[in-house]
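What follows is calculated from the coordinates using simple rules that are stated; it is not laboratory data. The model shown is predicted, which means the values in this text are computed figures rather than measured ones. Cβ placement follows ideal geometry from the backbone for every residue including glycine, while neighbour counts extend to all protein chains displayed.
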């Protein structure tokens, strides 16, 4: 089939947009070129939107009303600008979860409109299958991301919520959703089945995220990213629009790939994260709730003692964790590092892949505090250096430095690669209390003879260190 | 199987493969910006939303379409802005001290 001149132009715009998105992603592979990549993708997005408006008005005559488009675009851009400029970096996981929810919502609603307006009996097998998947995935992403957001914000418990038959009932619901989509292929005008698919998607989003604990949030966020992408791709199949298929595939695979990396960093399989309900094990809970943990007591030091240790140190490796984000201590870390450096001490940062609540969370927080990124080191690069380091300063990290992962086969985190903070001559751990961390597992590191615990708010403690060192 | 589906699958898998190659080269350092970035790109669903909101459809469809435009444009604008804001912060040694 030959396209008209106008159609050709629009398709070429879509093609240009797709190429720009891929080039933009490629530029994101290096911090030096990354900002240029964002610019390329922005140009791509403008081309795609302009192409769509041209297509809708000029080629097909589908777009006939502007008031709704304009109002929604204006409000959306205003809200987006606000979210883009003023959300604190510590709230980045929450923001990402929320925007996945918006992505799922947009796609799901487009699917409903397609079914309402072009729907039912007139849809081809491909269209009805794609629309069904689109609505199911969109709805699931929407509520699943809201659940993730709620858990991150603390509206909903970060602990995994489990009940008997959970996996079986979720599986049944997934099977039911797919079955209903199959039914729609045979009977495209069965509107009840279409809305049942949407409803099941909404329910699944809630139920699938419910059993996932806070420590697994990085993987969940990646997965939701992936679902949002696949839903967008399904929209592309339904509308016969390649730029949607391409962007959806890029988004879907980026989320999938990151999720795999995160799972690998925790030494757990994808399915284990999804169905394992990490940290829900009753025996670990019992330990947490017990008044005093068995075994040796941790060596709790004063701020002055710890400051003395730091004053004598020639090399320090900082291990940041979620606790640093919670107490917004990244600037205090940087100030302390500055003072240490003026004393001739070498300061580096060891970043565990799953530290925090999303991939790369710590890198962003430290960047915000003006820590140069060439001072940040990945686990594989820096792990052997701990044994030659005077002080490992653990700021609100727990599971990523738990030696149980190396030695205790009965531990839920056994086999997970950890940062060898325990190998440093002295390990100073900043923590709010002696309670177990998010995953609910006791940490042997805290009771080691070369470990000094300094209890209290990390930011306050770090500022006291800095003040003591300046004297 | 329709030809459209075959074409679509070609596009999907080639894009997925390209994405895999490109994204696996993004260092850990930039994973959060990567997420914000792909999130902004997934705002491409704006393309479908615009057609839904501007069409000569029933009120329900128009309202749903408008909400979709709203949600997608939040992602596009917010996603790009925050990606750039993060990337601006990443500095090599020799930056502000």
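How large are Rg and Dmax for region A:112-258 when calculated on the C-alpha trace, in angstrom?
Looking at region A:112-258, its Cα Rg and Dmax stand at 15.8, 47 Å.
Counting pairwise Cα distances across region A:1-51, what percent come out greater than 17 angstrom?
Details: 508 of 1275 pairs.
Considering region A:1-51, 40 percent of its Cα-Cα pairs are separated by more than 17 Å.
How big is the gap, in Å, between the Cα center of region A:45-106 and the Cα center of region A:206-227?
24 Å
Order of B:89, A:358 from fewest to most other C-beta atoms within 10 Å? Before the final figure, lay out the partial values.
Details: B:89 19, A:358 29.
Lowest count first: B:89, A:358.
Under the rule a/c < 1.5 gives rounded, and otherwise a/b versus b/c splits prolate from oblate, where does region A:141-191 land using the Cα gyration tensor?
Details: a/c = 5.33, a/b = 1.95, b/c = 2.74.
Oblate, because a/c is 1.5 or more while a/b does not exceed b/c.
In degrees from 0 to 90, rounded to the nearest 10, what is the angle of the helix A:166-186 Cα long axis to the longest principal axis of chain A?
Rounded to the nearest ten degrees, it is 20.
Quote the convex hull volume per residue of chain A, based on C-alpha atoms, as a whole number of Å³. Don't skip to the answer; put the middle values down first.
Values: hull volume 71.5 nm³, N = 471.
In chain A, the Cα hull volume divided by residue count equals 152 Å³.
Roughly how tilted is helix A:125-153, in degrees to the nearest 10 and between 0 and 90, from the longest Cα axis of chain A?
Around 30 degrees separate the two axes.
Relative contact order of chain A, please, whole-number percent, based on alpha carbon pairs below 8 angstrom and at least 6 residues apart. Kindly include the intermediate steps, with their values, before the conclusion.
Values: 805 pairs, mean separation 62.6, N = 471.
Computed value for chain A: 13 percent relative contact order.
How large, in Å, is region A:158-239 by the Kirkwood hydrodynamic radius built from its alpha-carbon pairs?
Working: mean 1/r = 0.0697 Å⁻¹.
The answer is 14.3 Å.
Sorted from fewest to most neighbouring beta carbons within 10 Å, what does the list A:268, A:357 look like? Display every interim value, and only then the final one.
Numbers: A:268 19, A:357 27.
Listed from fewest to most nearby Cβ atoms, that is A:268, A:357.
DSSP beta bridges in the protein assembly as shown, what fraction antiparallel, as a percent rounded to 5?
Details: 1 of 24 bridges.
Counting DSSP beta bridges with both partners in the protein assembly as shown, the antiparallel share is about 5 percent.
Output the 0 to 90 degree angle, nearest 10, between the alpha-carbon long axis of helix A:458-470 and the longest principal axis computed from the alpha carbons of chain A.
Roughly 50 degrees between the two axes.
What is the Cα centroid distance between region A:362-426 and region A:121-154, reported in whole angstrom?
Measuring centre to centre over Cα atoms gives 38 Å.
How much of the calculated P(r) for chain B lies past 22 Å, in percent of all Cα pairs?
Values: 2479 of 4656 pairs.
Distances greater than 22 Å cover 53 percent of the Cα pairs.
What's the FRET efficiency of residue A:299 with residue A:167 using the Cβ-Cβ distance as r and R₀ = 51 Å, to the nearest 0.05? Present the calculation step by step, with values, prior to reporting the outcome.
Details: r = 42 Å, r/R0 = 0.83.
About 0.75, to the nearest 0.05.
What's the exposure ranking of A:124, B:42, A:327, going from fewest to most Cβ atoms within 10 Å?
Numbers: A:124 14, B:42 35, A:327 21.
In increasing order of surrounding Cβ atoms, one gets A:124, A:327, B:42.
What is the Cα centroid distance between region A:244-258 and region A:1-43, reported in whole angstrom?
A separation of 15 Å, based on Cα centres.
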